[in-house]
Amino acid sequence: MKAAIFEKPGLENLRIKQDTEEPKITEHDVLVKVKMAGINPIDHFAISGAREIKPIPHIPGAEIAGVVEETGKYVSSLTQGDRVVVYARVFDGVCDMCLDGYEMLCRSGGIIGVMTNGGFAEYVAIPEKNVFKISNNIGWEIAASLPVTTITPYHALKEAALKVNEFLLVFGASGNTGIMAVQFANRMGAKVIAVSKDGWVKDFGADYIINEYDKVIEDVKKITNGKMADVVLNSLGIVTWESSFESVGANGRLVTFGGLTGADVKLNVQSLYSRQVKLIGSTGGTRNDFREIIDMSKELKIRVWKKFKLDETKEALQALFAKERDGRIMLEI
Ligand SMILES: [Zn+2]
């Protein structure tokens, strides 16, 4: 089969190999013929060596949607031809975290495409417990945006316990996860303040737009009548840390699932406790979250900027950090 594969870390070492060995499925696995894969920062981390990968040579690709090609002997929930999406976390199902319903915190877990081969290939072998059927009326672009881009902000908003009529401030609102956060918050009945240079975030349900990072604190103050935001979602890291922390109101919550611009932030403990601010970390989501977003996926929208072919995987990965990027990058396989 054709696959994007690398032996040594570095994007320059990623190549397209026509005769990569097709993955073999076990009795509990499903062979998925990949239709579309999303490109995410996690794929970059896998390729650059920022994350430990297995196996080597390695096929990256964490966000996978496709069609069932073959099923193992004991697979009962799926049959050949089913349209499916892949829950992107490797988990054992037997540890305390798994039993508690937190598969993404599995003691022996990891991420598909990092800890296992991923979806930047024609075929990928996935355990049945990770493969979820989707209906025919869900487009591949949305399907391939569920496993990482959609589940992550959805779970984060649940962790932050966002409530109806609360103010939510979203940094990077026109980014992959930001667009989804805006849509979910809107459906949850919150008032969404989007920090973005792109006016089109309004079409996704933003009630207010702040287009300059230096004005965030001042604008949030105006919009909320001085109370500041109930929940702040900021996964951009150090660059926007101060303005996000200062934008949280009394008894508010600051939730994060990333630190793209740098993770070592400064924290004033007095400012934290005196306003009773809660800092919340969130990572991925549970299988139950996945089931819930699949149920909602018909009503979700995504903005795709560019679609690349498997032969252009390197270009697709480079495009993720292009300044002019204005929407998602997808890989059509
Ligand atoms: Zn586990």
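General observations
- Expected 222 nm ellipticity per residue - DSSP helices of 4 or more, -39500 (n - 2.57), all of the chain, to 500: -5500 deg cm²/dmol
- Applying 1/(1 + (r/R0)^6) with R0 = 35 Å to the Cβ-Cβ distance of Met188 and Lys24 gives a FRET efficiency near 0.20.
- Per residue solvent-accessible surface (Å²) - the chain, probe of 1.4 Å: 45
- Pairwise Cα separations in the chain fall into 10 Å bins from 0 onward with the following percentages, short to long: 6, 26, 33, 23, 10, 2, 0.
- Taking all protein chains as shown and a probe of 1.4 angstrom, Ser76 keeps an accessible surface of around 110 Å².
- Surface accessible to a 1.4 Å probe, Tyr102 within the full protein complex, Å²: 80
- Chain lengthening between Cys95 and Glu299 when straightened (0.36 nm per residue, less Cα-Cα): 70.0 nm
- GNM top mover of Asp289, Asp96, Asp43 - the chain, alpha-carbon springs below 10 Å: Asp96
- Nearest-20 debye value, the chain charge dipole, Cβ charges on Lys, Arg, Asp, Glu: 580
- Gyration tensor verdict on the range 186-256 (Cα atoms; rounded if a/c is under 1.5, prolate if a/b is larger than b/c, oblate otherwise): rounded
- Flagged links, alpha-carbon separation over 18 Å, of Lys35/Lys307; Lys191/Lys227; Lys24/Lys307; Lys2/Lys129; Lys2/Lys133; Lys197/Lys309: Lys24/Lys307; Lys2/Lys129; Lys2/Lys133; Lys197/Lys309
- In this simple spin-label model, placing a label point 7 Å from the Cα along the Cα-to-Cβ direction at both Val265 and Lys8 gives a separation of 3.7 nm.
- FRET efficiency estimate (nearest 0.05) - Cβ-Cβ, Arg291 to Ser77, R0 22 angstrom: 0.95
- Rounded to the nearest 20, the size of the Cβ-charge dipole of the range 182-333 about its Cα centre is 260 debye, with Lys and Arg at +1 and Asp and Glu at -1.
- Ranking Lys8, Lys202 by solvent-accessible area of protein heavy atoms (1.4 Å probe, all protein chains present), from largest to smallest, gives Lys8, Lys202.
- Carbon and sulfur %, accessible surface of the range 53-104 computed with the full protein complex present, 1.4 Å: 50
- Nearest-10 value in Å² for the accessible area of Ile142, using the 1.4 Å probe: 20
- Ser108/Asp203 FRET efficiency (R0 45 Å; Cβ-Cβ; nearest 0.05): 0.60
- Euclidean distance of C-alpha centroids, the range 261-298 and the range 10-83, integer Å: 28
- Rounded, prolate or oblate (a/c below 1.5 giving rounded, otherwise prolate when a/b exceeds b/c) for the range 35-105 by Cα gyration tensor: oblate
- Rg over Rh, two decimals, the range 182-333 (C-alpha only, Kirkwood Rh): 0.99
The values are calculated or read from the model by the stated rules, or taken from the named source; none is laboratory data. Just so we're clear, the structure is a prediction, and the values are computed from it rather than from any experiment. Quick reminder, even Gly has a Cβ in these numbers, built from the backbone with ideal geometry, and neighbours come from all protein chains shown. Accessible surface areas use protein heavy atoms only, side chains included; no ligands, DNA or RNA. Shrake-Rupley method; radii C 1.70, N 1.55, O 1.52, S 1.80 Å.
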